[in-house]
Amino acid sequence: MTQQQNSEKQKKINIEASIQVSLNGLSFCLLDRSLNKIFHYRKINFRKKLTPADVLQQIKLVYAKDSKLQQKADKLTLIFANDLYTLLPHIFFNEENASDYLKFNTKILQTDFVSHDIISKPQIVNTYIPFTNISNYFFDLYGEFDYKHSITIFLEALSEIKSNSETTFYINNNERSFDLAVFENGKLLLCNTFFYETKEDFIYYVLFTAEQLKKDPNKFQLIFMGEIEKESELYRMVYIYIRNVDFFTDDFKFKVETEEKPMHLRNEFILLKSFDHENSFRNS
């Protein structure tokens, strides 16, 4: 699993595949770049958190039955969504010590492969553990491809959003987990991933973060993306405690013509943004 070589990237790309993998679920998306049209989308939420080995078996089952995914894509971006990551300023990063940065908050095995993404804006490095068994599977299918961590895409995309608030909490909600990034005057203050079971768990983590950062829930803005609707109990719970709550207004220019389950663009913020950031990331 390496970066595509320059000569590979220069070839004409018609069909792009973006696949997000987590222990809680999978998302698959196919984009016809020549028509700027998303023509295939699948999302699978697992009933419980699986092991990487079990997730791979689920991926194999999907590919065995899905003829559209079996067609050859010109470009693949594989996205790992897990909490096995840590962020640090680029100036302090030393690739030889990559695993040491993770040891502070993640249990690392000797067999674990450690990778990192260099995020150009803000100037930070995301060090993380990809699922190598899944990477190997996709290498056998596609040959060389790009892979990134979901937080890398999340932060790069947020750095381009102009907020009306001095302090903004961005939440990308997933099945039983959410990513939270806090920006103040365009600078990243915090980014973390939380796992929750109930709406009470959810609001606790948000308010605890606000307390630690000394931010008033009546003043900062909270912007939602991911799997959440205004009619949901989760949204109503948040709105009790935080005054300025809004949803991300997508600026995706894709046409969506899928025969399967309809795609709600805001719900797949990370997946779709991976198509927008072809040259923004570098992983090792």
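Volume per residue, Å³, of the convex hull around the alpha-carbon atoms of the range 95-210?
With only Cα atoms used, the range 95-210 gives 147 Å³ per residue.
Please go through the range 133-206 and write out the GluC sites (Glu not before Pro) that DSSP classes as loop and that have at most 16 other C-beta atoms within 10 Å.
Sparse-neighbourhood loop GluC sites (Glu not before Pro): 144, 160, 166, 175, 197.
Per-residue ellipticity at 222 nm for the chain, helices alone: DSSP H runs ≥ 4 residues times -39500 (n - 2.57), over residue total, nearest 500 deg cm²/dmol?
So the calculated ellipticity at 222 nm is -7500 deg cm²/dmol.
Please turn the phi angles of the range 135-149 into ³J(HN,Hα) values with the Karplus equation 6.51 cos²θ - 1.76 cosθ + 1.60 (θ = phi - 60°), one per residue in order, whole Hz, x for glycine and proline.
After applying 6.51 cos²θ - 1.76 cosθ + 1.60, I find 4, 4, 4, 6, 5, 5, 7, 10, x, 5, 7, 9, 9, 8, 8 Hz.
Would you mind working out the magnitude of the charge dipole of the range 121-233 relative to its Cα centre, with +1 at each Lys and Arg C-beta and -1 at each Asp and Glu C-beta, to the nearest 20 Debye?
500 debye
For the range 231-244, in order, what is each residue's ³J(HN,Hα) by Karplus, 6.51 cos²θ - 1.76 cosθ + 1.60 with θ = phi - 60°, in whole Hz (x at glycine and Pro)?
So the Karplus estimates, Gly and Pro as x, are 7, 6, 5, 4, 5, 4, 5, 4, 5, 5, 9, 10, 7, 9 Hz.
Kindly identify the range 97-156 as rounded, prolate or oblate by the Cα gyration tensor criterion: order the square roots of the eigenvalues as a ≥ b ≥ c, call it rounded if a/c is under 1.5, otherwise compare a/b with b/c, prolate if a/b is larger, else oblate.
oblate
Could you name the lysines whose alpha carbon sits less than 27 Å from that of residue 103, not counting residues in the same chain fewer than 8 places away?
48, 49, 121, 148, 187
Select from 50, 18, 205 the residue farthest towards the positive end of the dipole of the chain; place +1 on Cβ of Lys and Arg, -1 on Cβ of Asp and Glu, and compute about the Cα centre.
Result: 18.
Residue 149's amide H: which non-local residues (gap 5+, or another chain) put their own amide H closer than 5 Å, with H modeled 1.01 Å from N in plane and none for Pro or chain starts?
80
Extending each Cα 7 Å along its Cβ direction at residue 103 and residue 36, get the distance between those two points in nm, one decimal.
Reported label-point gap for residue 103 and residue 36 is 5.0 nm.
Could you tell me which of 171, 126, 92 has its Cα farthest along the dipole of the range 70-193 towards the positive end, charges placed at Cβ (Lys, Arg +1; Asp, Glu -1), taken about the Cα centre?
Selected residue: 171.
Quick one: Karplus J couplings for the range 93-102, per residue in order, coefficients 6.51, -1.76, 1.60, θ = phi - 60°, nearest Hz, x for Gly and Pro?
For the range 93-102, the Karplus curve yields 7, 10, 4, 5, 9, 3, 5, 5, 5, 7 Hz.
Per the 1.4 Å probe, what fraction of the accessible area of the chain, in percent, lies on carbon and sulfur atoms?
Heavy-atom surface of the chain belonging to carbon and sulfur, 1.4 Å probe: 48 percent.
The range 1-149: D in µm²/s via Stokes-Einstein (Kirkwood Rh, Cα pairs, 25 °C, 0.890 mPa s)?
147 µm²/s
Quick check on the range 165-273: take the gyration tensor over C-alpha atoms, sort the square-rooted eigenvalues as a ≥ b ≥ c, and tell me if it's rounded (a/c under 1.5), prolate or oblate.
It is prolate, given that a/c is not under 1.5 and a/b is the larger ratio.
Return the loop-located trypsin sites (Lys or Arg not before Pro) in the range 212-242 (DSSP other than H, G, I, E, B) with at most 15 other Cβ atoms within 10 Å of their own Cβ; answer none if there are none.
214, 219, 230
Quick one: accessible area per residue over the chain, 1.4 Å probe, rounded to a whole number of Å²?
Accessible area per residue: 50 Å².
Computed from these coordinates, which is log10 I(q)/I(0) by the Debye sum over Cα atoms at q = 0.08, 0.09, 0.11, 0.14 Å⁻¹: [x] -0.33, -0.42, -0.65, -1.08; [y] -0.32, -0.40, -0.61, -0.97; [z] -0.48, -0.58, -0.78, -1.06?
The listed entry that was calculated here is [x].
The values are calculated or read from the model by the stated rules, or taken from the named source; none is laboratory data. If you're wondering where the values come from, they're calculated on a predicted model, not measured in any experiment. Cβ: placed from backbone, ideal geometry, glycine included. Neighbour counts: every protein chain shown. Areas reflect the complete protein model, heavy atoms only, side chains present, ligands, DNA and RNA absent. Shrake-Rupley method; radii C 1.70, N 1.55, O 1.52, S 1.80 Å.
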